[in-house]
Amino acid sequence: MNIIGAIIAGIVGTFVITMVMEMAPKMGMPKMDMVGMLGAMFSPESNRTLGMVIHLMMGVVFAIIYALLWNLGIGSQGLLRGAIFGIGHWLVAGSMMAGMPMMHAGIKAGVIEAPGIFMFKNGGIMAFLGGLMGHIIFGLVVALVYGIFA
């Protein structure tokens, strides 16, 4: 496994999914401000820099998990597996959204609305589909970038 390649793939993949989230409202999708949500996790005042750092760290961790699984022979590094891993990633991340109110200062203070499981409270089925597509794109980008290093 190439750890540097996985880290770079995670950073690039996270920047791409963040750009997709920023463009979502312009494409008729609900606002998906994960950076703002993460930035308000520890304090009701959102710190977008902190939110982006947390988002990047999570992207790197998931990219390392993808690379580790590929290295262990669970699937092979490629676009199809990247998309499949992105779907699995969304199932994990989307499920965790339901627990956000228990550990989120901004939600507890009423500054940020609780997203609900798969962000259904934050835009219904369109938020669900947007999150799914974003994570598929993340998986594809991680697979492409990691492929350069593998």
Scope segment 52-85; condition hydrophobic (A, V, I, L, M, F, W, C) and not in a helix (DSSP H, G or I); matching residues: Leu72, Ile74
Test: residue in segment 38-55 that is under 17 Å from Phe138 (Cβ atoms) and among the acidic types (Asp, Glu): no
Qualifying residue in segment 28-39 (condition: part of a loop (DSSP other than H, G, I, E, B), among the basic types (Lys, Arg) and either surrounded by fewer than 19 Cβ atoms within 10 Å (Cβ to Cβ) or on the phi < 0 side of the Ramachandran plot (or both)): yes
Of the criteria (1) at pLDDT below 95; (2) within 26 Å of Gly5 (Cβ to Cβ), which one Val141 fails: (1)
Residue within segment 97-106 that is touching a residue at least 12 places away in the same chain (Cβ under 8 Å) and closer than 15 Å to His135 by Cα present: yes
Identity of the residue in segment 1-58, among the basic types (Lys, Arg) and touching a helix residue (DSSP H, G or I) at 6+ places or on another chain (Cβ under 7 Å), that ends up modelled with the lowest pLDDT: Lys31
Any hit, segment 94-106, residues being surrounded by fewer than 19 Cβ atoms within 10 Å (Cβ to Cβ), at pLDDT 90 or above, among the small types (Gly, Ala, Ser) and closer than 21 Å to Met23 by Cβ: no
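The values are calculated or read from the model by the stated rules, or taken from the named source; none is laboratory data. The shown structure was predicted, so the numbers you read here are calculated from the model rather than taken from an experiment. All Cβ positions, glycine included, derive from the backbone under ideal geometry; neighbour counts span all protein chains shown.
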